[in-house]
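First up is the structure itself, then whatever we jot down about it.
The values are calculated or read from the model by the stated rules, or taken from the named source; none is laboratory data. Predicted, not measured: the structure shown is a model, and the values here were computed from it. Counting neighbours? That spans all protein chains shown, and the Cβs are built from the backbone with ideal geometry, glycine included.
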Amino acid sequence: MKSILLAAAVLSISTLAFGQSMMKSAGSAGGTGSMTSSNTMSADPKMGSELRFAMSSGRKVIYSDIDAAKMLAAKAPTVLFFAADWCPYCQADLKDINANGSRLGDITIVVVDYDKERELESTYGVTVQDTFVQIDKTGARLVAWNGGGVDGILSRVKRG
């Protein structure tokens, strides 16, 4: 019984320490840019900390609705990034986007919560997290791929 309680206590402390560490790394990223003009990318406390940070340059926003994403796509190349806070590949791509976002220029990354936007996933044929989908101003899918961070975005985004 004591070993079970000890294991539970260690697990609780480890989980808390990891969460605080992730929040510190996300909080130190700085920057601006969201559809709601807030520095915080998500008000949902269940979203992973990496989904809550903003790029220091370039544009990265949290998905609100497809019409807002279409408006962004009418102005500049726009990529929907279907990410989950539990996905290590998504977290790696988000960290890369945050660290190297200035290389993206006018490309807008719209972070979509993979666990919540099932209808949108169906619309674009997304079956796994860590999927990027570039859309045009009508919301049509131009190109889709998995992973790759900033280099993947730059090599696949269609211009004009």
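Quick check on G160: is it within 15 Å of the chain's Cα centre (by Cα) and among the small types (G, A, S)?
Criteria not met by G160.
Please tell me if L80 is over 16 Å from the mean Cα position of the chain (by Cα), outside any helix (DSSP H, G or I) and not charged (D, E, K, R).
When the stated conditions are applied, L80 does not pass them.
Considering the range 116-138 alone, what residues qualify as being buried (at least 16 other Cβ atoms within 10 Å of the Cβ) and either at pLDDT below 95 or part of a loop (DSSP other than H, G, I, E, B) (or both)?
Quick first cut of the range 116-138, residues buried (at least 16 other Cβ atoms within 10 Å of the Cβ) only: 117, 120-121, 124, 126, 129-135.
The answer is E117, V126, Q129, D130.
I'd like the residue in the range 139-160 that is assigned to a loop (DSSP other than H, G, I, E, B) and without any contact (Cβ under 8 Å) to a residue 60 or more places away in the chain and, out of all such residues, is nearest to M71 (Cα to Cα).
Result: A140.
For the range 66-81, give me the residue count where each residue is under 16 Å from K158 (Cα atoms) and either small (G, A, S) or surrounded by fewer than 18 Cβ atoms within 10 Å (Cβ to Cβ) (or both).
Of the residues in the range 66-81, 5 are under 16 Å from K158 (Cα atoms) and either small (G, A, S) or surrounded by fewer than 18 Cβ atoms within 10 Å (Cβ to Cβ) (or both).
Kindly check whether there is at least one residue in the range 86-109 that is crowded, with 23+ Cβ neighbours inside 10 Å, of a type outside the set (A, V, I, L, M), part of a strand (DSSP E or B) and touching a residue at least 40 places away in the same chain (Cβ under 8 Å).
no
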